[in-house]
Amino acid sequence: MTQLAPPHANANLADYTTWRVGGRAEWLAEPTTIAETIAWVEWAQQQAVPCQVIGAGSNLLIHDDGLPGLSLCLRKLQDHNIDAQSGVIDALAGEPIPSLARRAARAGLHGLEWAVGIPGTVGGAAVMNAGAQGGCTAESLISVRVMPKQGGPCFELHCDELNYAYRHSRLQEDNLVVLSARFQLEPGHDPKELSRITKENLNHRTTTQPYQQPSCGSVFRNPEPQKAGQLIENLGLKGTRIGGAEVSTMHANFIVNIGDAQANDINALIQLVQGRVESEHGFRLHPEVKRLGFAATA
């Protein structure tokens, strides 16, 4: 039986999201091993409280009123193994995807160069089918190891069982906690060339997107073949503010915290943008960002 220290009470969740907004968690735990993670999920069941999983908080908007029950932050659940010969990578759910991409490039493994600018974790990437620069998680993921939030044995789900689509997987609906993931990359490439491509991808993102300000990354999914940022910019919405939230003047598919935003400001700005696009174009933009504590919205 894994011994657990008491969870943190009344923790400020704004410290756990890249937007730097959100209320407080009734309880917060940060496991560093799979055994601790399993024990905390079981603790929540024993206490009969809800359990919400947080990774790097880079794709997350948490309500100003905070969250009841246990907020399980997996950003310290880090470890990885890279087999340069076979190209197989095993990583725990909290492993940062950008650093994993850099290590893969240095090992001569092709397939994660796109991920260097994604400020999230392996688990979050698997759940969201994160992607950039024309690549995405589903292209190299073999499987994930998961456990039910209601408790029970861990099990493995293979990539073809995850119903992957653009920024979507069944993990967004199923009540499961991702513990680890396995990737198959292509071995035998020139590490210097892969590192060069990786750096170019990062440079492109940092020079075209507002990485110096608190944000969640892209707010809306692209309504292919159109781009959400272009639609929003064409409506003249760059620089639009509600409270401390602003549609970025650098990239219109980013909403940034200009210093004193509340979660409700950001949520209201998301809804304003959705309303304007729907009024003009007849369809609704769907957010990439996961909203916790808010009434269910599209």
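Some notes on this structure:
- Look at the range 225-252: where a residue is within 15 Å of Ala268 (Cα to Cα) and part of a strand (DSSP E or B) and a partner is modelled with pLDDT of 95 or more and of a type outside the set (Val, Ile, Thr), sitting 6+ places away or on another chain with Cβ atoms under 6 Å, you get Ile242/Asp265; Ile242/Ala268; Ile242/Leu269; Ala245/Ala261; Ala245/Asp265; Ala245/Leu269; Val247/Leu237; Val247/Lys238.
- Evaluating Gly134 against the criteria (1) under 16 Å from the mean Cα position of the chain (by Cα); (2) over 30 Å from Gln45 (Cβ atoms) leaves one unmet condition, (1).
- Every pair of residues 6+ apart whose Cβ atoms lie under 7 Å, when the first sits in the range 11-31 and is in contact (Cβ under 8 Å) with a residue 40 or more places away in the chain while the second is of a type in the set (S, T, N, Q) and surrounded by fewer than 24 Cβ atoms within 10 Å (Cβ to Cβ): Thr18/Ser58; Val21/Gln262; Arg24/Asn10; Arg24/Asn12
- Condition met for Gly229 (modelled with pLDDT of 95 or more and either assigned by TED's automatic domain parsing to the domain that holds Glu113 or at positive phi (or both)): no
- Looking only at the range 271-285, residues that are within 25 Å of Leu61 (Cα to Cα) and either in contact with a Cys (Cβ under 8 Å, 6 or more places away or on another chain) or part of a loop (DSSP other than H, G, I, E, B) (or both) come to 3 in all.
- The residue that is farthest from the chain's Cα centre (by Cα), among those in the range 256-291 that are surrounded by fewer than 18 Cβ atoms within 10 Å (Cβ to Cβ) and hydrophobic (A, V, I, L, M, F, W, C), is Phe283.
- Restricting Pro187, Pro153, Pro148 to those that are more than 20 Å from Gly55 (Cβ to Cβ) and in contact (Cβ under 8 Å) with a residue 24 or more places away in the chain reduces the list to Pro187.
- Whether a residue is without any contact (Cβ under 8 Å) to a residue 12 or more places away in the chain, under 26 Å from Arg221 (Cα atoms) and charged (D, E, K, R) was assessed, and Glu161 passes this test.
- Residue in the range 10-18 that is outside the structural domain of Val256 (by TED's automatic domain parsing), part of a loop (DSSP other than H, G, I, E, B) and either more than 15 Å from the chain's Cα centre (by Cα) or more than 22 Å from Pro287 (Cβ to Cβ) (or both) present: no
The values are calculated or read from the model by the stated rules, or taken from the named source; none is laboratory data. This one's a predicted model, so the numbers in the text were calculated from it and none came from an experiment. FYI the Cβ positions are ideal-geometry reconstructions off the backbone, even for glycines, and counts take in every protein chain you see.
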